[in-house]
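Values in this text are rule-based calculations from the coordinates and carry no lab data. In this text, all values refer to a predicted model and were calculated from it rather than measured experimentally. Backbone-built Cβ (ideal geometry, glycine too); neighbour counts: all protein chains shown.
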Amino acid sequence: MSPRAAEPTSPPRGASTPPEASAAALPTRGAVAFLTPALLLIGVFLVFPALWTLYLGITDYRLTGIQAAYPQVIGLDNFTSALGDPAFANSLWVTVLYVLGSAVIGQMGLGFALAWTFRRWHGPARSALEVLVITAWIIPSSVVAFLWIAFLDTHNGTLNVALGNANIPWLFSWPLLSIIVFNTWRGTAFSMLLFGGALNTVPPSYLETARLAGASSWQQLRDIVLPSIRGHILTNLLLISLWTFNDFSPYLITAGGPNFATDTLPIYIFRNALVNFQLGYGAAISAILLLINLGIALIYLRLLRARS
């Protein structure tokens with residue numbers, strides 16, 4: 001046989017595709033078919049609104065007047081105006097304090113404390129307390145806001161009655177602290193559930209070995225538990241920080257007052273875009289808020305990568 005006769009020949013024109021190739025293509029087509037609806041939903045409800053917000057942010061679009069019918073592109077004027085506005089700086093500072101107080105310190109700290117306390121509890125007492133904490137999380141924000149207004153009312157509020165008719169104006173004297181406590185009470189359940197699941201992943205043998213070696217409870221927590229659940233801590237920190245940063249529920253209690261003491265960025269955006277009809281300016285502030293959220297997410301990813 002000559003060498004030329006041993007060379008493989010290409011399949012004749014019109015030959016059918018081998019069954020193996022068709023079988024390999026089926027999973028790819030199936031994956032594309034399953035992903036297409038999700039990608040369409042992401043594009044319609046996330047990507048397009050984000051791009052539209054960025055476009056509105058560079059226009060003078062308003063809800064009324066000539067700018068509503070014929071908006072003009074004004075470039076970065078809305079962004080520079082917002083960054084130079086003392087009201088925006090105040091809202092950003094209030095939002096940072098609100099996130100640090102209610103999410104980072106309040107929800108995360110209290111949620112971990114409850115999970116750490118409940119890990120050794122068994123029976124109806126633990127179930128009852130867990131139900132109470134979770135109930136505060138699943139109640140609608142409007143209902144919770146009404147309950148807290150009634151709880152903190154100056155004259156007939158439950159807290160003042162419990163203090164002997166103290167008549168303390170909580171929402172006027174300590175407005176920021178009031179909404180921090182409100183959001184901590186409302187959102188602690190998520191952190192408690194997440195940390196409760198995370199603590200179950202720590203092998204009991206590690207803690208038992210540390211205890212036999214003479215480690216105190218604090219040393220066990222610091223050297224074994226916290227390093228073991230660091231990924232859960234970072235995930236919880238990211239989620240509750242983003243949720244709190246974009247939380248609008250304080251408006252239901254204080255409407256941003258008194259004297260803009262609780263004027264978080266979502267409330268500031270609402271007031272400028274829908275109350276003052278400056279939709280382009282509000283869109284620019286929303287874009288800034290989007291960039292802040294992106295920065296928080298990137299910090300989380302960097303910390304998670306360093307852990308890996």
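Before moving on, here are some points about what is shown:
- Computed over the chain with a Gaussian network model linking Cα atoms closer than 10 Å, the most mobile of GLY84, GLY187, GLY106 is GLY84.
- Gaussian network model of the chain, springs between alpha carbon atoms under 10 Å - residue of PRO169, PRO124, PRO71 with greatest fluctuation: PRO124
- Efficiency of FRET from Cβ geometry, ILE105 and THR209, R₀ 30 Å, rounded to 0.05: 0.40
- Between the helical axis of 86-98 and the longest alpha-carbon principal axis of the chain there is an angle of about 80 degrees.
- In the range 226-278, the ratio of gyration radius to Kirkwood radius, Rg to Rh, stands at 1.22 when only Cα atoms are counted.
- Evaluating 6.51 cos²θ - 1.76 cosθ + 1.60 at θ = phi - 60° for every residue in the range 128-133, the Karplus couplings come out as 5, 5, 5, 5, 4, 5 Hz, glycine and proline recorded as x.
- Phi-based couplings in Hz for the range 266-280 (Karplus 6.51, -1.76, 1.60; Gly and Pro marked x): x, 5, 4, 5, 4, 5, 6, 7, 10, 8, 8, 6, 8, 5, x
- Residue among TYR55, LEU83, LEU193 farthest towards the positive dipole end of the chain, charges placed on Cβ: LEU193
- Taking amide H atoms as placed 1.01 Å from N in the peptide plane, the amide H of THR59 lies under 5 Å from those of ILE74, each 5 or more residues away in sequence or on another chain.
- Length-normalised contact order for the range 77-307 - Cα pairs under 8 Å, 6+ apart - percent: 31 percent
- Between the helical axis of 141-151 and the longest alpha-carbon principal axis of the chain there is an angle of about 20 degrees.
- Helix 230-245 vs. the chain, principal-axis angle (Cα, 0 to 90°, nearest 10): 60 degrees
- When peptides 173-185, 50-62, 262-274 are ranked by their average number of other Cβ atoms within 10 Å per residue, the highest-first order is 262-274, 173-185, 50-62.
- With a Förster radius of 30 Å applied to the C-beta separation of LEU163 and ALA113, the computed FRET efficiency comes to 0.75.
- Kirkwood Rh, Cα atoms: Rg over Rh of the range 175-308: 1.13
- For the chain, built as a Gaussian network whose Cα springs stay under 10 Å, the top-fluctuating residue of VAL104, VAL133, VAL47: VAL47
- Projected over all directions and averaged, the alpha-carbon convex hull of the range 77-307 occupies 15.9 nm².
- The packing ranking, built from the mean of other Cβ atoms within 10 Å per residue, places the peptides 193-200, 91-98, 158-165 in the order 91-98, 193-200, 158-165, highest first.
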